[in-house]
Structure formats: structure tokens, C-alpha cells
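Here the structure is laid out as C-alpha cells; the discussion comes afterwards.
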Amino acid sequence: SQNIAKSWNMNITECWVDNYLFEGENVSCCVELNVQDEQGRTPLHWAVEQDQLHSCALLLELGADPNILNSAMMGPLHLAVTKKYNHLVESCDKTDANLEGDLGNTPVMLACCTNNCDAIQFLFKHGAKMCIQNKLGHYAIHTVAFAGAKEAMELVLKIGEELGLSTSVHINYLDKSKSTPLHLAVRGGNIEVIKLCIIKGARVDQQQVSCDKSTALHFACTQGALEAVKIMLSSYNKVEDIINIRDGANQTPLHRATLFDHVELVEYLISKEAEIDCIDCNGLSPLLMASRCGAWKTVAFLLSIGADFRIKDKVGCNFLHFVILQPKGLKNLPETSNAVKEMLSDEDVEGCTPLHYACKLGIHDSVKNMLGLNIFVGQKSREKKSALHFAAEYGRINTCKRLLETLTDSKMLNDWDEKGLTPLHLASMAGHTQVVELLLRSGALFQSDYKGWSCLHHAAAEGYTETMKILLAANVKLLDETNEDGNTALHIAAQAGHVSAVMLLLDMGAEISLNNADNSFLHEAVRNEKKDVVNAAIKSFKATSRCPVMDIIEFLPESFKHLLDRCILESDHDANSPDYHIKYDFQWLQAPIQSMKYARADKAIKFQPLAAMNAMVRYNRLELLTHPVSQKYLEMKWYVYGSKVHLLNLAVYLLGLLPLTYLILNLRPKQEVFGNNTSVIMVPISFREVDRVLWHLRINYFTDFSNPADWGAAISSLVFVIPMCFNLENTWQWEAGAFAILTSWIAFLLYFQRFERIGIYVVMFGGIVRTLLCIMILFIFLLLAFGLAFYALMLHQDEFSSISLALAQTFVMTVGELNYQSTFQNAYENGRMAFPGVTYFIFVIFVLLMPILLMNLMIGLAVGDIAEVQRNAELKRIAMQIDLHTALEKKLPYWFLKRVDKPTITIYPNKCKVLLMQALIEGEIQNTVRTRLKLCSRQGGPLERELHKQKNRLKAMSCVLEKQHNLLKLIIQKMEITSEADEYDGPHNPRALKQPTSSSSQKSKWVPLLQAIKAKK
């Protein structure tokens, strides 16, 4: 039937070709001959796979391309060689004999893999090369060695000799990883090929230079290939030359043999005088390596022949340190001498014994076996930690139970390490609740370490609330116990930022005390920038002896804003109802008024009026100063006494300003002109009129250098008034009077800075003036440059006849008064302009730079920076109000402040009086619908609210899953099913281990349960 199929396929191909020729198509066009299917196969691939010799020959004759690769990176020649269709290989003489396919393998390499000697001979006759490497870096000799094709290897070596390549060189060729064919032959595991390599001169001591410097002997010992090892060793007259050869890790073949418990090979190597106690780069002997890998047969054999069990690695571990790492390790050892048992008490460089290792890692069986040998349990490490310390620190509950059962001295239960930590401290520090409960039931004492930290301090520092509940249930006195710094557990939890721990301690009734630095827990949270702790404490705040408001304003202004939000209480009425009101509480903005009385009686008590408001100004907390509570607080003080005192101050100021204005208006001198001379006649004045001006001179103000306008007004007023008192008739005092009236009215304007509506614009004007002064240097130099230029060129104009007049005229021209027709055009038309070309050139530059560019620059600076100016002006205006109230409260009597100061105020925004006041201030009544206040800290954005909902849902789901878990545990107990969890000695708290673990290594707590159910079925 196969012959019939082949004949049928041949007929189909011939018919297709005849039809192709009959239609008159050009046979040289080979597009359809090389068409590929979905797997990348051409008709030639199909013909080779079906072993159709005639079809292949016909397709090649028609021009089919034999070098096309399919999706598996195989060409027709690769397929023919792999399937051993050698008659097809001979027909593919047009194919590239060195065509690279999958992984860069040539047809010769594939022939070597399949031990196809005929194909190898044919390919080398048609140009195949020996020196080509595939992508793995292998030559043909390496490929045939790894494939274990003995006949093909002999043929490759023979062909190499024919090409002039000696067999000794060829058999030791190095590939990309510096491996010889012998390395690959050992990895392939073909004994005959290994023998052939040895016979042909392969070097056994050749090392992989770029890798771990392993020899073929190391490979063979790793694989446990005893026959291969014997063959390689038999090629040496002196076995000691090769038996102890070292690799890159300084390991001998004996190390490799012990690695995978090849005990027969170990026996053979030792019989060939392999060094039994040789050490690698990590200080591991063959016995230590076998113990580390759990090769118990090898361990037993090495101990039986006298291997040195006292050898330690670089960290001081003997072989028993590694034996106990396996649960059944000690039971796998043969009956050992007392000298070996004494090694159970041997220490590593950190002073840890095998028992310490087992307790640390929770290897319950090893602990039980060692305790059965009656070893000393109380031995300590260099850090003075016993086995119970390690077990408690890492949460090994079963190990702790076993150790406590064997303890005969209760002193070990409460023993200290080098830091004064007991096992209870370490378990509390890591949050191992079961271990803490076990130690407390066993009689552990509540001691403090060398720094005064109790177990509750350590649990609070890590935020383990369940552990804290257990400790407080056993000893509630721990709640207010302090360490050497005066910190309670509440201080420690606040410093670390554990909100749940802080709230637990507050709910348990922890006393809010001060530590040695006079800080409460809230101070510590603020200083360490633990915002969540501060916000949580605000919700359930209790007064302390030192208010931490200043620290919150400085470090956590968002938290203080949250605190102020809680000081606003809205009524339950409709927001547009007349009964709707808002209550503002000022308890966090002012100290109790009684503190002023105590401070005046006792100088040791410091009382600073408006301390919170001054702190806001000091730290530029504009968002706090503009908070509704802060604004209402300042409004309350302004309406009660601030505005009255300020208006009184303005009235006193007017007592001096108005007489001064009267003098200026009524004593204006007369000017008489006599030719080119001018005289000024002063009007006489009586002393009574001058006496009223002296009210303007406030002597106490001269100590304040903050207001230049007041200084200028005071000095110029003195210069103006004093000569009149002595009836001196001079004109210069009138000049001083003009300056005095100017500065006095400017100073009077500055007094309005403290008013809410117009004060901000006054302050903004001052800010813009300061900006103008900053660019005056630029303005002065440009003014001087153009003024001097015009003075030199404008000889025909009287306005530029002197330098001062020229500068004055240039300044006037800068603001837009160019007077072009009278100054420039008429002079040019009349021929009176001395230098017309240069004059017009400088005039054009002047117009571009001064009136256009400079003026627009000044306007841009004033307008572009308006937002920052307004913010700074608002801050300064409020700061001036606060300074006024602070100064007044320092001077006002206690009885007055007690009467007018209010701790709270209630506002009815919909009352008639409020609406009328609004109409008087704003000029109209806003008919908008009032809505309730929306405070950010009370009601977050949509995203925050949605996250809060999801958090509550996750908590509910967690509670349900926990209930189901407890229910299934109860069912298992009733069914008497034993799960693997009963034998697990790891920490039950996932936060217990300090080293991070990947998510892939964490197992679900349902796994032991499901396995137990399957085992029951």
C-alpha cells in the first residue's frame, strides 16, 4: 500500500506539471513552487516528509528553493537528515550544506545527533564545514559527543584528520562555555563515547574557564556516574594527580559526589586516596556538605571511616548544625560516640548551638530529639540569648511548649539577653500572641529591659494590638509604666505612628502624661509627623497639661485644620430657616482667660495672648488664618474692643492731622515777583494755633521704626511748627509743612490697613509700591541717560537749558507728555534744531524704551503678580489685626477681658439683623439659597468616600471569612481529622518574621484544611 501511495503522489505531481506546461506558463517563474502553508512548509518540505524522491527531484528541477526554512526553522535538507532519508540527502546537492536551522544547527550537526554517518559523509563531500558553531557555541564534535553517537564521532574525527586537524586537538576543542567534547559526553551519559574520548586523547583535567572551572570528572561525580569516573581515572598512571583537582569553588570530585548522596562513588574515590577532609571556599568538608544536603548514607559512611567531625565552616558551624536542619536528621545518624554528641553543645561564631538553630527555625522534631539526649538547655549565644529566646522571638509555639516542659529552673523563663530582653519581650516585640499567652501561663514576669522598656512598650512600638490586649488583660499597670526617657506605651505608639495602638491605649484609659522632654503623646506624634495619629487623637482628644497646638500648627497644619473643622457645629434646622445657626468654638485658639490672672500673680507661668494666631502668622499658615473659625475669632475680638480702640486711635491721630491741615489751608504765603526776583511773605500765627498741632507729636511712637510715613510726618511737623512758636519768618519751614501734610495723610491712609473691607487694598498698594522701588534702579539709569542726551542736543529749548530741567522734562515725557509738535516738529521746520538727525534717532529710541517698554513692564509686574500680592496682603492684614489684639490684651485689665471675651459664639445667618448688616456692608442682599457647610475634613471627596465604603466592605468580608474558618475548624475537630497545621511550628502572625518574603512563597491558611479533607476522603 505504501508503494501505491508513493506512485499515486508521483502521478499527481507529474499531472500538475503537465497541466502547468500545457497552459503556456513560464516555467522559470517559481512563485507557486515556494509557496508556504500555515506552518511555513513549501511543497519541497512536503515531498521530503513523505519520502518522495521523484517529487523532490522534479521540484528541484523546476527551480524550487531548497534553502527555505519552515516555522520550526527546518529546511528540506534538515528534515531529510533527521529522518535518515539519505537517498533524499544525496538528491539535495543544490542545497547549502551549511544552512543554519533551529538553534543555528547545520545539517551536519543534525546528522551527528542522529548518528547518521552516511549523511555526514555526503555533506562533507558537498562542502560542509567543521568550524561552524551553533547558537549554543557547539561545534560538530561537541554535538556528536553530547548525543552519544560513537560511530558518528569516529567518522567526524576521521574527517578532521583528512582535513589536516589532528585528533588530539580536535577532541579537546572548546565551545562557547569552554567545555570540551568530554564534558558534553559526560553530561550525555554514554559510556562508550566517554571511553572513545579518553582513547582519542581527551584531557580529563580541562576546566571550564568561563564557568565554574569544573572538569569532566566533577561532572561525572555530580551525576554519580561511577563507570565514567573509573574510565577517566584509569587513564592516569598517578591517580593522585587528578583525584583531588579543584573547581572554581575549590571543591574536589569528592565534594560533588557527596552533594547528591552517591555513596558508592564516595567509597570508590576514597579508595583511590581522595582527601577525606578537604575544604572548599566556604569552609565545607565533604562531611559538612553531605550533612547540609541531607545525604545520610554518605554521612554515615564518612563517620564510619573516621572523617573529622570537628571541622567547621567559615561561620563556625559543625556538621550537627546542618544535621538538625532536617526534621529527622538526628535519627538518620548511626550510633555515635559521646564525642560526637558533645558537638551538640558546640557554638558557631555567634555563639549559637545546634539547639539554637533548631529553635530559631522551628524544627520541632530536631528539638525533641536533642532534648531526648539530655543536653543543656540554658546555654546562651554571644548575645546572651537562650534557646527559649530564639523560639519566642520567631514565634515557634510548639518549640516553646517543648522547652517549657523540660525546664527545671524557672529562672530561664525570665532570663535576660545582652539588652535586658526576656522571652516575653521578644515575643511581644514580634507580635506572637500564642507565644505570649503561653509564656504568661507558664509564669513569665513583667520585667523591664535595660532601657526601662516593658513588654507593652515593645508591642506598642510595632503596633501589635492583639498582643497589647493580652498583656493589659494580664497586668493593667503596664498601661502607664514609663521607660528611662519617661515615655509610656502611648508615647511609643504615637512616635511610631500606629493609630490602632494609640486608640486602644486611649480607650483602655491610658494617662496622658509628659515625658522627660515635657512632651505628651500628641507632641511626639506631631514632631514625628504622624498625621494619622494626630487626626485620630483629635477625635477623642483629652486635655493635657501642655497644649501641643503650636507644634501642630508648625508641623501638621492639615491636622490643625481638621481640629478647627471640629470646632464648627451646625444646627439640625434647614439651612434657609431663620432658626438655623452655626456655633463656633474657640477652645483651640485661645488659652482660658483665667490663665492671664494666674500669670500676672505668678511670674513662672507664661501667658501669651493669641498664641495660636501668632503661630499661624509666624509659619505663614494662611489657610488656617482664613479658616471660618479663625475669622470669627478675630471678628469677635474686633467687634468687642479692637475696632473701638482702633477708632479711638484714629480720632487721636485726627486731633493732630486736622489742625495741621487747617494751618496749611489758612497760612498759605503770598508770592511777589520783582523782575527776575521772587519773594515769599509768611502769614503770622499765634502760639495757641500751634499748640493744637503738638497733639500730632506722639512721643511714644518714636521707638517704632516700622512706619517711615509716621516718622516723616513727625519730623517735618516739628520743623514746620517750632519756627512759628518763636515767630521766625523763614520760607523753609513752609516747605517742611508741605512735606508734613503729605506724609501725615499717607500715614492716616495706612491706619486703614486693619479694616477688613478696605484694608487689603491698602496693603496691596504698599506691596506694589515695593515692587516699583525694586525696579527704580533701572528707571533712574535710563532717565539719566536720556536726560543727559537731550541736554546735549536740545540747545534751542528752554526746558533743557539745565541738567535738572532736562531730567525733569525727560521724566514728564516718560509718562506720555511728549509735546512733540512744540518741542520737536516746530523747531525742525523753523531750522532751529542744531542736530536733527541724531536728535530724532535718540527720540525714537526714547519712545520705544521709556513710554512703551518701561511703562508696560511696570504695569505687567503690578498686574501679573496680583495673586501673590493679594495673598501676602491678606496675610499681612490679618497679622496686623493679631498684633493689635495681642498688644491690647497685654494692657487691658483682667476684669474687662473676662467680661468681653467669649469662648464660643453662635451665628444666625438668616436673621434680619444679619441681613441688614450684610446690606449695609455689601450694598445688597444676596438672594441665594443657603446650603450647609462642607468641610473637607468632615466630608471627603467622592474618591475618599468610595474608598471608605470599600474598606468597610472588606472588613465585613474578613469577619465573615474568619467566622467560616472557625466553623470549619470546629467541624474538623468533631470529625477528628488531623491536619498538617498541627505539626507546623512557624509563626501564626504574618508580621512576625522580620525578613520580607515574596508573595509566591506565602501559603493560604486554607491549604492544610483542604489537604486534611482530601486525606479523610
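Might you check whether a residue that is farther than 20 Å from ILE194 by Cα and either surrounded by fewer than 24 Cβ atoms within 10 Å (Cβ to Cβ) or without any contact (Cβ under 8 Å) to a residue 40 or more places away in the chain (or both) occurs anywhere in region 211-222? Checking region 211-222: at least one residue is farther than 20 Å from ILE194 by Cα and either surrounded by fewer than 24 Cβ atoms within 10 Å (Cβ to Cβ) or without any contact (Cβ under 8 Å) to a residue 40 or more places away in the chain (or both). Listed conditions (1) open to solvent by 50 Å² or more (accessible area, probe 1.4 Å); (2) touching a Ser or Thr at 6+ places or on another chain (Cβ under 7 Å); (3) part of a loop (DSSP other than H, G, I, E, B) are all met by ALA510, apart from (1). For region 466-481, filtering for residues that are buried (at least 19 other Cβ atoms within 10 Å of the Cβ) and either of a type in the set (S, T, N, Q) or in contact (Cβ under 8 Å) with a residue 60 or more places away in the chain (or both) leaves 1.
Per-residue answers, yes or no, for (1) closer than 30 Å to ILE397 by Cα; (2) in a helix (DSSP H, G or I); (3) open to solvent by 80 Å² or more (accessible area, probe 1.4 Å); (4) at pLDDT 80 or above:
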site	(1), (2), (3), (4)
ARG877	no, yes, no, no
MET880	no, yes, no, no
LEU888	no, yes, no, no
LEU920	no, yes, yes, no
THR931	no, no, yes, no
SER937	no, no, no, no
LEU943	no, yes, yes, no
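Take LEU196 and tell me if it is over 30 Å from LYS314 (Cβ atoms), at pLDDT below 90 and assigned to a helix (DSSP H, G or I).
Numbers: over 30 Å from LYS314 (Cβ atoms): yes; at pLDDT below 90: no; assigned to a helix (DSSP H, G or I): yes.
Answer is no for this residue.
All conditions in (1) open to solvent by 20 Å² or more (accessible area, probe 1.4 Å); (2) within 28 Å of CYS352 (Cα to Cα); (3) within 30 Å of the chain's Cα centre (by Cα); (4) of a type outside the set (A, V, I, L, M, F, W, C) hold for SER448, with the sole exception of (3).
Take the residues of region 144-184 that are surrounded by 19 or more Cβ atoms within 10 Å (Cβ to Cβ) and of a type in the set (Ser, Thr, Tyr): which is nearest to PHE124 (Cα to Cα)? So, considering only residues that are surrounded by 19 or more Cβ atoms within 10 Å (Cβ to Cβ) and of a type in the set (Ser, Thr, Tyr), the one nearest to PHE124 (Cα to Cα) is TYR173.
For region 555-572, the candidate set comprises residues that are modelled with pLDDT of 80 or more and over 12 Å from HIS627 (Cα atoms); within that set, the residue that is nearest to the chain's Cα centre (by Cα) is LEU569. Sub-7 Å Cβ pairs linking a first residue in region 312-333 that is under 13 Å from HIS356 (Cα atoms) to a second residue that is of a type in the set (D, E, K, R) and open to solvent by 30 Å² or more (accessible area, probe 1.4 Å), at least 6 apart or interchain, are PHE322/ARG292, ordered by first then second residue. Of all the residues in region 405-433, those that are touching a helix residue (DSSP H, G or I) at 6+ places or on another chain (Cβ under 7 Å) and open to solvent by 30 Å² or more (accessible area, probe 1.4 Å) number 5.
State all residues of region 451-465 that are crowded, with 22+ Cβ neighbours inside 10 Å and β-branched (Val, Ile, Thr); if no residue qualifies, say none. Explain how you work it out, then say what you get.
Filtering region 451-465 down to residues crowded, with 22+ Cβ neighbours inside 10 Å leaves 453-460, 464.
Selection gives nothing.
When you scan region 107-159 for helices (runs of 4 or more DSSP H) that lie fully inside it, which ones turn up with 3 or more residues that are more than 22 Å from ARG187 (Cα to Cα)?
Output list reads 117-125.
A Cβ distance below 9 Å, combined with a sequence gap of six or more or placement on separate chains, defines the contacts here; from region 148-159, residues that are free of Cβ contacts under 8 Å to residues at least 40 places away in the same chain reach residues that are open to solvent by 20 Å² or more (accessible area, probe 1.4 Å) and not in a helix (DSSP H, G or I) in the pairs GLU151/ASN115; ILE159/MET130; ILE159/LEU165. Going by the conditions given, is LEU694 more than 21 Å from GLN753 (Cα to Cα), surrounded by 11 or more Cβ atoms within 10 Å (Cβ to Cβ) and either within 60 Å of the chain's Cα centre (by Cα) or modelled with pLDDT under 75 (or both)? Considered against the rule, which asks whether it is more than 21 Å from GLN753 (Cα to Cα), surrounded by 11 or more Cβ atoms within 10 Å (Cβ to Cβ) and either within 60 Å of the chain's Cα centre (by Cα) or modelled with pLDDT under 75 (or both), LEU694 comes out as yes. Among residues of region 635-651 that are free of Cβ contacts under 8 Å to residues at least 60 places away in the same chain, those with a Cβ under 9 angstrom from a residue that is crowded, with 17+ Cβ neighbours inside 10 Å and charged (D, E, K, R), sequence gap 6+ or separate chain, pair up as SER643/ARG754.
Scanning region 293-307 for residues that are open to solvent by less than 60 Å² (accessible area, probe 1.4 Å) and in a loop (DSSP other than H, G, I, E, B), we see that the one that is nearest to ASP261 (Cα to Cα) is ALA295.
Could you check region 356-372 and list, in sequence order, the residues that are over 40 Å from the mean Cα position of the chain (by Cα) and either without any contact (Cβ under 8 Å) to a residue 24 or more places away in the chain or within 17 Å of PHE319 (Cβ to Cβ) (or both)? Before you say what the answer is, go through the steps one by one.
So the first thing to find is which residues in region 356-372 are over 40 Å from the mean Cα position of the chain (by Cα), and the list is 365-372.
Within region 356-372, SER366, ASN369, MET370, GLY372 qualify.
Of everything listed in (1) more than 26 Å from ILE199 (Cβ to Cβ); (2) modelled with pLDDT of 90 or more; (3) part of a loop (DSSP other than H, G, I, E, B), the single unmet condition for GLU267 is (3). Scoring GLN223 on the criteria (1) farther than 18 Å from HIS262 by Cβ; (2) out of contact with any Phe, Trp or Tyr (no Cβ under 6 Å at 6 or more places or on another chain) leaves a single failure, condition (1).
Yes/no per residue for (1) within 30 Å of ASN115 (Cβ to Cβ); (2) at pLDDT below 90; (3) among the basic types (Lys, Arg):
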{"position": "SER179", "(1), (2), (3)": "yes, yes, no"}
{"position": "HIS183", "(1), (2), (3)": "yes, no, no"}
{"position": "GLN208", "(1), (2), (3)": "yes, yes, no"}
{"position": "ALA249", "(1), (2), (3)": "no, yes, no"}
{"position": "VAL263", "(1), (2), (3)": "no, no, no"}
{"position": "GLU275", "(1), (2), (3)": "no, no, no"}
{"position": "PRO286", "(1), (2), (3)": "no, no, no"}
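Yes or no, residue by residue, for (1) modelled with pLDDT of 85 or more; (2) part of a helix (DSSP H, G or I); (3) surrounded by fewer than 19 Cβ atoms within 10 Å (Cβ to Cβ); (4) among the polar types (S, T, N, Q):
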site	(1), (2), (3), (4)
TYR598	no, yes, yes, no
LYS606	no, no, yes, no
ASN614	no, yes, yes, yes
VAL617	no, yes, no, no
GLU623	no, yes, yes, no
TYR633	yes, yes, no, no
TRP638	no, yes, no, no
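Yes or no, residue by residue, for (1) more than 21 Å from THR42 (Cβ to Cβ); (2) open to solvent by 30 Å² or more (accessible area, probe 1.4 Å); (3) at pLDDT 90 or above:
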position	(1), (2), (3)
LEU62	no, yes, no
PRO76	no, no, yes
CYS92	no, no, no
THR106	no, no, yes
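To keep it simple, each residue is scored yes or no on (1) at pLDDT 75 or above; (2) closer than 16 Å to TYR653 by Cβ.
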{"residue": "VAL683", "(1), (2)": "no, no"}
{"residue": "GLU689", "(1), (2)": "no, no"}
{"residue": "LEU742", "(1), (2)": "yes, yes"}
{"residue": "VAL762", "(1), (2)": "no, yes"}
{"residue": "ILE777", "(1), (2)": "no, no"}
{"residue": "LEU788", "(1), (2)": "yes, no"}
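What do you reckon, is SER55 of a type in the set (S, T, N, Q), surrounded by 16 or more Cβ atoms within 10 Å (Cβ to Cβ) and either in a loop (DSSP other than H, G, I, E, B) or more than 60 Å from the chain's Cα centre (by Cα) (or both)? So SER55 fits the description; yes.
The values are calculated or read from the model by the stated rules, or taken from the named source; none is laboratory data. Being a predicted model, the structure only gives us computed values, none of them experimental. With ideal geometry, Cβ positions are generated from the backbone for all residues, glycine too; neighbour counts draw on all protein chains shown. What goes into the accessible areas is simple: the full protein's heavy atoms, side chains included, and nothing from ligands, DNA or RNA. Shrake-Rupley method; radii C 1.70, N 1.55, O 1.52, S 1.80 Å.
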